[in-house]
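**Student:** This structure is in structure tokens; I'll ask about it shortly.
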Amino acid sequence: MAITTADKIFVGVDDEINFVVEKILAAEKERVIIVIPQNALVVSSLVSMRILAKQIVKSKKLVVVVTEDEFGQKLAKSAGIISAAKVSNVTPEMWESVQIAKEKAKDAAKQRKEELLSERGIAVAAETAPEVVESDTEEQPELDSEVAPGDTEPEEVPAEEVVVDQPEDEIVEEEEKSPAVEAETASEEKDAKIVGPIQRKRRQPKLVDVGGIKIYAGGDIGQLMPENTAIENDPQPIPERVIRNASLGNKEGFTGRDWTNYTGDSKRKFSFTMPKLFAFKRGGGEVDEKEQQRRRRLIIIGIAIVAFCVFGATYVLAFQTSSVDVKIKLKTAEVPVEQQIVADVDAKALVEEPLTIPAELVTEEGLSISASDKSTGEGASGNIAAGVIDIWNKTSQEVSIPAGTVLENTTTNLKYVLKQDVVVPAGNSSGAVQGIGRKEDVSIEAEKFGEEYNITESGTKIDFKVGSYATADVIGKRFRAIEGGTTETFKAPSTEDVEKVKAALLTNITKQGVSKIKNLIPEGYRLLEGSEKFEETAVRSTPEVGKKGDTFSVTLEGKMTAVIVANDNLEEAITLMIDNTSTQSEEGTEFEVKTLGDAVLSEIVREANKVTFKVVSKGSLTSKITEESIKQNIAGKTISEAEEYLIKLTEIETSSITFNPTFIPSFLRRVPTDWGRVKIVLQ
């Protein structure tokens, strides 16, 4: 209940004490809880807490400080303020303690003020003074005053105590003040409850020594003046102004001069240049003739020196440090060329007939790419049929037949395989009749899976050709069933499926290889686009063709090779083509190949390490003229003479000359004889 009937004020970390006091006085309720965070500015100084306690005592508010800052709680306790660590700790009993502490603080303050006033000899009419009720709003009661003996007029003492703000480091704690200091300080504080006339002695002036100067301060200074001393209506004569000339060495200065001679008349202008130099002084009087002549000579000498310096600087700039920029645009002729060139890896140098240039082969190995697709073919699998047969030997010699020997059904031509080594004895002879040697129950199996290898008819004799033996000599006889063969069909990749995926991969791997080849081209070389060639090294299908699988993947591996040529070799070949086309104009002007247009290569055909292609380009032929010849012919000439010389040259289309620095007069401008200061730009 105690908390709900109190206003809570939350103080910020940087809030100052005056802001907190204003919030307390502005609170609606009598009870106020101040919540202060740790390390707040308010709880960092004992002076701040004492100011807060003093304002609380003067107001009607009951205040409890809530803070978890242990240092702040100690300061609050020292200032006489009740504090708690949490808001929940504020109880009705604590509010009673706050009320009691506030009453004690009021009594103590009242008693202390009475003591201080008594020490100053000020009487307090406690019995006759009406009781003054404190309030939050400040009032200034009117006090009667009496004139103390010896004073010229009575002094009024304000009824309320005045609080003066000052920095914390200048506040002196009351406990540390001596009685004399307290009495001096108390003269500035007046008890709000004192009413009626108050009499006290006026202060006497004090003599203070400030920097060696003795000054009277405080009290009635008029008491110190003699009776016959009068300041008013006693003018003193003003001494005449003394005009002093300050000097620096032997030269006059301006310090201490009387400037009224220069500023007295508004029509007079301040000037001391030409008139002073030649004829007149500002103060009046003429300059003598010798002085005038001396000054004129000085002026003439100064002008001559300046003119000489200007002339010398102009000469140096015009003839010693000047420079010339000459821009020349030469006559040109465009010559298109088109010819077939061979780039040969085995060539070591340029060959004119047929026009062949050296080339290099670049290789990118380890290219690999994969792709998947659905199987459209069919495959089959199953069990292999197996059984036993008898082998007859109709010869007089014993016959040995190894395992793996192929046995062919003479009726269906299906093939079977012998699963064991067999030795068939020779047949017994009886006169002219040759007997038959037999080996019974010899195991065989079908060469492949499938139901067609099953022989289930009983009592039917099936003959088998044994290996390379003639059936008249050695033959196999089936008397029992051969069975167990089965067949199962399923989806499987076909050859066509694999080839289709491979074709797509070939396009992609070629692009991949070309991209990697371009990264291998060294600076100064050019790829003959179209000479790229992919060489396949492996193709794998998973699963293999005919093997079971609804989908399959194909992996293509290989390497990429291409032919490159050096730009220098290509430009040399094009220059040779242009030279063979035309190097002289109709006017007889000699030209040389200056620049080449971008060469366009087409019809590129590669055979092994040799590439044949057509080159189409356009060469820019310029006049055969050198910078040295131009510098030699214009050096030392005037700018106009140099321009006329350049205009007469038939090899030059346009020209311009710029002289630096530009402020040099045109009649002084010449082309430097130092070639290093002549810059020729041929365009």
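**Student:** Can you list residue pairs whose Cβ atoms sit under 7 Å apart, with the first residue in region 5-32 being without any contact (Cβ under 8 Å) to a residue 60 or more places away in the chain and the second being loosely packed, with under 14 Cβ neighbours inside 10 Å and among the basic types (Lys, Arg)? Count only pairs 6 or more apart in sequence or on different chains.
**Tutor:** Close Cβ pairs satisfying both conditions: 5/29; 7/29; 30/60.
**Student:** Here's another thing I want to ask about it. Go through region 540-552 residue by residue and tally those that are touching a helix residue (DSSP H, G or I) at 6+ places or on another chain (Cβ under 6 Å) and open to solvent by 50 Å² or more (accessible area, probe 1.4 Å).
**Tutor:** Total meeting the criteria: 1.
**Student:** Then there is this: Can you tell me which residue in region 454-511 is least open to solvent (accessible area, probe 1.4 Å), limited to those that are within 29 Å of residue 539 (Cα to Cα) and in a strand (DSSP E or B)?
**Tutor:** In this case the residue turns out to be 492.
**Student:** Oh, and also: Anything in region 528-552 that is in contact (Cβ under 8 Å) with a residue 60 or more places away in the chain and in a strand (DSSP E or B)? List them, or say none.
**Tutor:** 533, 534, 551, 552
**Student:** If we scan region 63-75, do we find a residue that is surrounded by fewer than 20 Cβ atoms within 10 Å (Cβ to Cβ) and small (Gly, Ala, Ser)?
**Tutor:** No, every residue in region 63-75 fails to be surrounded by fewer than 20 Cβ atoms within 10 Å (Cβ to Cβ) and small (Gly, Ala, Ser).
**Student:** Just wondering, is there one or more residues in region 520-527 that are part of a helix (DSSP H, G or I) and surrounded by 14 or more Cβ atoms within 10 Å (Cβ to Cβ)?
**Tutor:** Of all residues in region 520-527, those part of a helix (DSSP H, G or I) come to 520.
Checking the rest, the ones that are also surrounded by 14 or more Cβ atoms within 10 Å (Cβ to Cβ) come to 520.
Checking region 520-527: at least one residue is part of a helix (DSSP H, G or I) and surrounded by 14 or more Cβ atoms within 10 Å (Cβ to Cβ).
**Student:** Which of the strands (runs of 3 or more DSSP E) found entirely inside region 328-398 contain at least 2 residues meeting this: open to solvent by 70 Å² or more (accessible area, probe 1.4 Å) and closer than 30 Å to residue 544 by Cα?
**Tutor:** The strands (runs of 3 or more DSSP E) meeting that bar are 360-374.
**Student:** Okay, next question. Are any residues in region 642-655 open to solvent by less than 40 Å² (accessible area, probe 1.4 Å) and farther than 16 Å from residue 331 by Cβ, and if so, which ones?
**Tutor:** Selection gives 642 alone.
One line per residue, one yes/no per condition, for (1) among the hydrophobic types (A, V, I, L, M, F, W, C); (2) open to solvent by less than 80 Å² (accessible area, probe 1.4 Å); (3) over 30 Å from residue 579 (Cβ atoms); (4) modelled with pLDDT under 85:
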| residue | (1), (2), (3), (4) |
| --- | --- |
| 617 | no, yes, no, yes |
| 625 | yes, yes, no, yes |
| 637 | no, yes, yes, no |
| 640 | no, yes, yes, no |
| 657 | yes, yes, yes, no |
| 668 | yes, yes, yes, yes |
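**Student:** Test residue 77 against the stated conditions and say whether it is at pLDDT below 90 and under 58 Å from the mean Cα position of the chain (by Cα).
**Tutor:** Answer is yes for this residue.
**Student:** A further question on this structure: Under the condition of being outside any loop (DSSP other than H, G, I, E, B) and surrounded by 15 or more Cβ atoms within 10 Å (Cβ to Cβ), which residue from region 315-326 is modelled with the highest pLDDT? Working first, answer last.
**Tutor:** Residues of region 315-326 outside any loop (DSSP other than H, G, I, E, B): 315-320, 323-326.
Filter once more, keeping what is surrounded by 15 or more Cβ atoms within 10 Å (Cβ to Cβ): 317-318, 323-324, 326.
Values: 317: 67, 318: 63, 323: 86, 324: 87, 326: 91.
Restricting to residues being outside any loop (DSSP other than H, G, I, E, B) and surrounded by 15 or more Cβ atoms within 10 Å (Cβ to Cβ), the top hit is 326.
**Student:** To continue, here is another question. Conditions: (1) within 20 Å of residue 415 (Cα to Cα); (2) touching an Asp or Glu at 6+ places or on another chain (Cβ under 7 Å). Residue 516 meets all but one. Number of the miss?
**Tutor:** All conditions pass for residue 516, except number (1).
**Student:** Inspect all residues belonging to region 11-29 and state whether any of them is surrounded by fewer than 17 Cβ atoms within 10 Å (Cβ to Cβ), over 52 Å from the mean Cα position of the chain (by Cα) and within 23 Å of residue 109 (Cβ to Cβ).
**Tutor:** yes
**Student:** For residue 301, indicate whether it is in a helix (DSSP H, G or I), at pLDDT 80 or above and either farther than 30 Å from residue 636 by Cβ or open to solvent by less than 30 Å² (accessible area, probe 1.4 Å) (or both).
**Tutor:** Details: in a helix (DSSP H, G or I): yes; at pLDDT 80 or above: yes; either farther than 30 Å from residue 636 by Cβ or open to solvent by less than 30 Å² (accessible area, probe 1.4 Å) (or both): yes.
The answer is yes for residue 301.
The values are calculated or read from the model by the stated rules, or taken from the named source; none is laboratory data. Since this is a predicted model, take the numbers as computed values, not measurements. Heads up, the Cβs are rebuilt from the backbone with ideal geometry, glycines too, and the neighbour counts pull from every protein chain shown. Surface areas here come from the heavy atoms of the whole protein model, side chains and all, with no ligands, DNA or RNA. Shrake-Rupley method; radii C 1.70, N 1.55, O 1.52, S 1.80 Å.
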